[in-house]
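Colleague: Attaching a single structure in structure tokens format; questions to follow.
Only the coordinates and a few stated rules stand behind these numbers; no lab work does. Bear in mind that the values here come from a model prediction, so they are computed numbers and not experimental data. Cβ placement follows ideal geometry from the backbone for every residue including glycine, while neighbour counts extend to all protein chains displayed.
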Amino acid sequence: MELTGVWRIQHFDVGQKRPMEVASAYLDDRFWITAQVPGDVHSALIERNIIENPYFGHNDAKSLWIEQKEWWYRTQFDFVKQEGSGHKHELVFEGLDTFATIYVNGLEIGTTDNMLMAHTFDVTKIVNNGKNSIAVKFDPLYLHNRDKEQFQWSSYTKERPWLRKAAMNFGWDWGPRMVTVGIWGKVRLESHRMAKLESVFAHTVSVDESEAVINIDLQVTSFAKDQDLVCEVKLLSKDGLIIESEQLPIDNLTGSVEMVVLSPQLWWTHDLGEPYLYEIEVTLIANDEQVDTYRKPFGIRTIELQLKDAQDQHSFAFVINGVKLFAKGSNWIPADNFIGAIPDQRYRDLIALSVDSNMNMLRVWAGGIYEKDVFYEECDRRGVLVWQDFAFANALFPEFNRNFMNNVRDEVVYAVKRLRNYASLALWCGNNEIDWLYDMKSAAGDITSPFYGEKIYHELIPEVLEQFDTSRAYWPSSPYGGNDANDPDVGDRHNWQVWHGSVYPRKFGDVPLLDYSIEGVTFKNYKKDFTLFSSEFGMHASANRYTLEKNIPAGQFYWGSVEMAYRNKDTNHQKGILLMEGYTGIPQNIEEYMNFSMLTQAEGLKYGIEHYRRNKQRISGSLVWQHNDSWPGTSWSLIDYELLPKASFYYAKKFYHPLLLSIDHEPGQSLDVWVVNDRVESYRGEVKLTVYDFTGNEIYTTLLAAEVPSNGAIKLGSLTEAEVLQGRAAEEVVVRLTAVGWEAPDNLYYLRDQKDLRMPATALQVEVDADEQSVTITAQGSLARMVKLDLPQGNIRFSDNFFDLLPGEQATVRISDPLGKKVALAELRVSALNDVFPDTAE
């Protein structure tokens, strides 16, 4: 029974009210504020126009008072109570943020101190047959950490290490401080008779061409003595047909059954095959009476983390069903600062966008939450692997405190048991950047204390996983491995030479260095990186025009305004300027800033990821920082807060495509032509290289034979600049690669940086078909660089955007709403970087 009725909230100063007075079942709360559950206080106050939207302008500063108050939630519900010795009634909160005291019918039933897990209370003797009331008191956080030790290191704020709460609530370098409070998960009353299924763990033991072996472990809780307990376990096909069925007697409240599935349909990432999902159904029978049922999707697959290759060299590669994967993806942060109020559809949209851009992995970053069920369900359904961090990010943690460690252990056990059945879950990871940064900060003298928290990632979590989930690999931290946790030769790596200017190589104990110069932050440094797996890297780009204009006060939407600066929470805004200065030149107005920053991010990620993929024999993955935004800011994201993709997203459709044509080239050097194939099939055909000047004249063309091996990368040939330029200037040409006789997307290359190109003005012919929901664009006179479509609406899809057109070329772009609504096209703007008449439409 989910408690979805009317909830009300109210706040008091600490000590203003006696708790038992407010918790009373008879309190008149008619004048309290109504609120959604799941949700949070901020969202409720926004919905009732009590506070202004904190995402607009500087309004977040106006809502800081919320975290200083004591907040109460109340509701009432009717219940038909079944009596008897074998009945158990439990009140379950899937998410309480964070220090809560719970009252049922005026009686205090318990307290909580962890946002990151569910909390269950036995209310068998308390719940009434008929009317019932629930009251939940939330303390302000400062009551619980103001007297605690402060540590030398906790990024962005020193107050959070004692608090088991989403770290990003306190602000990060991509989002504001927004300390939430409230009931952020579902609330339900569970009634059981005689016994219940405590947990079901289904996992694949082995797979070959003819059969798969799966194991299902069961744990049962009994509410009465001397019961005959039996579990009926079924594996059902996607169509509901019974594939296998077993009867399992339950002894000592546990049981395990092994099933052999002939000719299994395997779960694959979407780029390698179908993410086929069976269904596991477990029915618990007590004394011949059905008392509980579990039914969830289940994917048959094996997933391994390969740390040594066939030559016994260090590796960091995911192997799914025996196929070595190149992981292509991004890092996931919470989809909104107001986590409890995020609609399920927002998750579906963001994961659909990951699939649209050919990603096959998302990393759930440690500074957020263990995500909601809908996230993992969608990743299972869409064939996207999940790298799951435990919720420890960029800080020291009080491992010396018994109560804290018990709290952490409960959290880790809960997270493992909740998530271990998802086919998409590929890896458990202990923390984000803590091992790496502890050493760097110690070397710099910023930390002199012991490594508090080390016991969590290197002892506690491995012990829990040994008990509850040995079916997938554990990695203690990210990055981790080698001499310096960010060593390119062992484990995974975070490449922050680009953007942050980190100087490498480095070894343990070396004082960290930063180089804030064009050469220090440039994306050209990606080609120096021969990591085994790049799990974080990226650079800023502006949000889209609609997202910024919607959230910036009138008169402040210009380059260099205070409000534009407020959108950027990074520590040094000069880094973005240096990146653009090196590639596009420094922007002079807001339009140039949006265009230049997006183009720099898109071309920079293309440059780095194509390098990683050409070297796939050594490098096995690239996860861009970051996938999404939690508020309308300037950040590293590929998709802005209003769910509008940036230029880099559309570039990703090509640089993450399973079949990649690419050129490895630097000014004055040869053009090396490559094909990368991430599929198990091999391909045979040709690759056509054509050189055009910007007015569309063909200068040079050649065909290269392509024998493309399964899951491989091959260099097809090498051409000198002099050969392909035929006497023309490198600043005046564009190179196109095209697959001939097989299917792979075209790819365009410029032989010099954008700022150095001698690109004439172009004109765009734009034809809008509102009925067909399409726009046809033709470049006239000269190549059109970065054709951009803009609409003043969030969460719409363009089939393509931020693309280039040769003169005379025509592109038709389809426009859609993910919910199928018709999109109004009257305010469509179409432009290009070198458009002489921008925003012209017919």
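Colleague: Hey, got the dipole for the chain? About the Cα centre, +1 on K and R Cβ, -1 on D and E Cβ, debye to the nearest 20? Before the final figure, lay out each step's value.
Modeller: Details: 82 positive and 120 negative charges, 258 e Å.
Computed charge dipole of the chain: roughly 1240 debye.
Colleague: Along each principal axis of its Cα atoms, how long is the chain end to end? Whole angstroms, biggest number first, please.
Modeller: Result for the chain: principal-axis Cα extents of 92, 65, 64 Å.
Colleague: With n ≥ 4 as the cut-off for DSSP H runs, can you work out [θ] at 222 nm for the chain, using -39500 (n - 2.57) per run divided by the number of residues, rounded to the nearest 500? List each step's numbers first, then the result.
Modeller: Values: 15 runs with 140 residues, N = 842.
When only DSSP H runs of four or more count, the value is -5000 deg cm²/dmol.
Colleague: Hey, another quick one. By the scheme Lys and Arg +1, Asp and Glu -1, what is the net charge of all other residues having a beta-carbon under 12 Å from that of residue 67?
Modeller: Values: positive: 69, 165, 177; negative: 40, 60, 70, 97, 139, 159.
Charge balance in the 12 Å sphere: -3.
Colleague: Given H placed on each backbone N at 1.01 Å, which residues far from residue 10 in sequence or on other chains put an amide H within less than 5 Å of it?
Modeller: Close amide H contacts, sequence-distant or interchain: 72.
Colleague: Given C-alpha coordinates of segment 191-298, what is the ratio Rg to Rh with the Kirkwood estimate of Rh? Working shown, then result.
Modeller: Values: Rg = 15.1 Å, Rh = 14.7 Å.
On the Cα set of segment 191-298, Rg over Rh gives 1.03.
Colleague: Here is a follow-up. Return the loop-located GluC sites (Glu not before Pro) in segment 719-795 (DSSP other than H, G, I, E, B) with at most 14 other Cβ atoms within 10 Å of their own Cβ; answer none if there are none.
Modeller: For GluC sites (Glu not before Pro) across segment 719-795 that sit outside H, G, I, E and B with at most 14 neighbouring Cβ atoms in 10 Å, the list reads 743, 772.
Colleague: If packing is taken as the mean number of other Cβ atoms within 10 Å per residue, what is the order of 601-609, 303-311, 47-55, 685-693, highest first? It would help to have the intermediate numbers written out before the result.
Modeller: Details: 601-609: 24.0, 303-311: 13.7, 47-55: 15.2, 685-693: 19.6.
Result, highest mean first: 601-609, 685-693, 47-55, 303-311.
Colleague: Do you know the relative contact order of segment 147-246, to the nearest whole percent, from alpha carbon pairs under 8 angstrom that are 6+ apart?
Modeller: It rounds to 14 percent for segment 147-246.
Colleague: Here is a further query. Just going by the charge dipole of the chain, with Lys and Arg at +1 and Asp and Glu at -1 on Cβ, which of 170, 23, 650 is farthest out on the positive end?
Modeller: 23
Colleague: Additional query: Restricting to DSSP loop positions (anything but H, G, I, E, B) with no more than 15 other Cβ atoms inside 10 Å of their own Cβ, which trypsin sites (Lys or Arg not before Pro) remain in segment 771-842?
Modeller: On the way: sites: 785, 788, 797, 814, 821, 822, 829; in loops: 821, 822.
Those that pass, being in a loop and sparsely packed, are 821, 822.
Colleague: Between beta-carbons, use under 15 Å as the cut-off and find the net charge around residue 403, counting Lys and Arg +1, Asp and Glu -1.
Modeller: Details: positive: 148, 164, 402, 409, 455; negative: 113, 147, 149, 399, 410, 411.
Here the charged neighbours net out to -1.
Colleague: By how many nm would the segment from residue 157 to residue 588 lengthen if fully extended, with 0.36 nm per residue of separation less the alpha-carbon distance?
Modeller: Length gained between residue 157 and residue 588: 151.7 nm.
Colleague: Right, something else. So if we plug the beta-carbon distance of residue 682 and residue 26 into 1/(1 + (r/R0)^6) with R0 = 60 Å, what FRET efficiency do we get, rounded to 0.05?
Modeller: Values: r = 75 Å, r/R0 = 1.25.
Computed FRET efficiency for residue 682 and residue 26: 0.20.
Colleague: What is the P(r) of segment 599-663, as percent of Cα-Cα pairs per 10 Å bin from 0?
Modeller: Going from the shortest bin to the longest, the percentages are 21, 51, 23, 5.
Colleague: Just need log10 I(q)/I(0) for segment 727-842 at q = 0.16, 0.22 Å⁻¹, Debye formula, equal scatterers on the alpha-carbon atoms, no solvent, rounded to two decimals.
Modeller: Evaluating at q = 0.16, 0.22 Å⁻¹ gives log10 I(q)/I(0) of -0.81, -1.22.
Colleague: Right, something else. Would you mind checking the radius of gyration and Dmax of segment 660-756 based on alpha-carbon positions, in Å?
Modeller: Every Cα atom of segment 660-756 included, Rg and Dmax give 13.6, 42 Å.
Colleague: Here is a follow-up. Going by how many other beta carbons lie within 10 Å of each one, how would you line up 356, 312, 208, fewest first? List each step's numbers first, then the result.
Modeller: On the way: 356 15, 312 7, 208 11.
Exposure proxy ranking, most exposed first: 312, 208, 356.
Colleague: Please compute the contact order of segment 20-114 in relative form: average sequence separation of alpha-carbon pairs under 8 Å and at least six residues apart, divided by the residue count, as a percent. Spell out each step's value before the answer.
Modeller: Details: 52 pairs, mean separation 24.0, N = 95.
Reported relative contact order: 25 percent.
Colleague: Let me ask something additional. In angstroms, what radius of gyration and Dmax does segment 763-831 have, counting Cα atoms only?
Modeller: 11.9, 38
Colleague: Filter the trypsin sites (Lys or Arg not before Pro) in segment 221-250 to those in DSSP coil with at most 13 other Cβ atoms within 10 Å of their Cβ, and list the result. Numbers along the way, then the final one.
Modeller: Numbers: sites: 225, 234, 238; in loops: 225, 238.
Answer by residue number: 225, 238.
Colleague: Which of the residue pairs 524/575; 137/186; 308/455; 372/441; 372/550; 131/196 have a Cα-Cα distance greater than 24 Å in the structure shown? Present the calculation step by step, with values, prior to reporting the outcome.
Modeller: On the way: 524/575 14 Å; 137/186 17 Å; 308/455 26 Å; 372/441 34 Å; 372/550 28 Å; 131/196 26 Å.
Pairs exceeding the cut-off: 308/455; 372/441; 372/550; 131/196.
Colleague: From the phi of every residue in segment 91-102, what ³J(HN,Hα) in whole Hz does the Karplus formula 6.51 cos²θ - 1.76 cosθ + 1.60 yield, where θ is phi - 60° and glycine or proline is x?
Modeller: In residue order, the calculated couplings are 9, 10, 10, 6, x, 10, 10, 10, 8, 10, 10, 10 Hz.
Colleague: Ranking 276, 480 by Cβ neighbours within 10 Å, fewest first, what do you get? Intermediate values should be presented prior to the final figure.
Modeller: Values: 276 18, 480 24.
Sorted ascending by nearby Cβ count, the order is 276, 480.
Colleague: Using a simple charge model, +1 on the beta-carbon of Lys and Arg, -1 on the beta-carbon of Asp and Glu, nothing else, what dipole does segment 25-168 show about its Cα centre, in debye to the nearest 20?
Modeller: Working: 16 positive and 20 negative charges, 12 e Å.
Dipole magnitude for segment 25-168 comes out near 60 debye.
Colleague: What FRET efficiency comes out for residue 2 versus residue 213 if R0 is 56 angstrom and r is the Cβ-Cβ distance? Round to the nearest 0.05. Walk me through the numbers on the way to the answer.
Modeller: On the way: r = 37 Å, r/R0 = 0.66.
Efficiency, from the Cβ-Cβ distance: 0.95.
Colleague: For segment 7-189, what is the per residue volume of the convex hull drawn over the alpha-carbon atoms, in cubic angstrom?
Modeller: Details: hull volume 23.1 nm³, N = 183.
Dividing the Cα hull volume of segment 7-189 by its residues yields 126 Å³.
Colleague: Please name whichever of 491, 615, 6 sits farthest to the positive end of the charge dipole of the chain, dipole taken about the Cα centre and charges placed at Cβ: Lys and Arg +1, Asp and Glu -1.
Modeller: 6
Colleague: Would you mind calculating the gained length between residue 731 and residue 702 on full extension (0.36 nm times residue separation, minus the Cα-Cα distance), in nm to one decimal? Don't jump to the answer; show the numbers that get you there.
Modeller: Values: separation 29, 0.36 × 29 = 10.44 nm, distance 2.05 nm.
Going from the current span to full extension adds 8.4 nm.
Colleague: Related question: Just name one of 376, 161, 696: the one whose Cα is farthest towards the positive end of the charge dipole of the chain (beta-carbon charges, Lys/Arg +1, Asp/Glu -1).
Modeller: 161
Colleague: Which percent of Cα pairs goes in each bin when the distances of segment 464-515 are cut into 5 angstrom slices starting at zero?
Modeller: Pair shares across the bins are 5, 19, 21, 20, 12, 8, 6, 7, 1, 0.
Colleague: Report the Stokes-Einstein translational diffusion coefficient (µm² s⁻¹, integer) for segment 540-615, Rh taken as the Kirkwood radius over Cα pairs, at 37 °C with viscosity 0.692 mPa s.
Modeller: Estimated via Stokes-Einstein, D reaches 246 µm²/s.
Colleague: Can you give me the distance in nm between label points at residue 528 and residue 810, each placed 7 Å from the Cα along the Cα-to-Cβ direction?
Modeller: Once both label points are built, they end up 4.8 nm from each other.
Colleague: Next up: Determine the relative contact order of segment 7-189: mean sequence separation of Cα pairs under 8 Å and six or more apart, normalised by residue count, in whole percent.
Modeller: 29 percent
Colleague: Would you mind ranking 736, 164, 758 so that the residue whose beta carbon has the fewest other beta carbons within 10 Å leads the list? Please report the intermediate quantities before stating the final value.
Modeller: Working: 736 18, 164 22, 758 12.
Listing 736, 164, 758 from fewest to most nearby Cβ atoms yields 758, 736, 164.
Colleague: I'd like the antiparallel share, as a percent to the nearest 5, of DSSP beta bridges with both residues in the chain. All intermediate terms of the calculation are to be shown ahead of the outcome.
Modeller: Numbers: 158 of 185 bridges.
Expressed as a percentage, antiparallel bridges in the chain total about 85.
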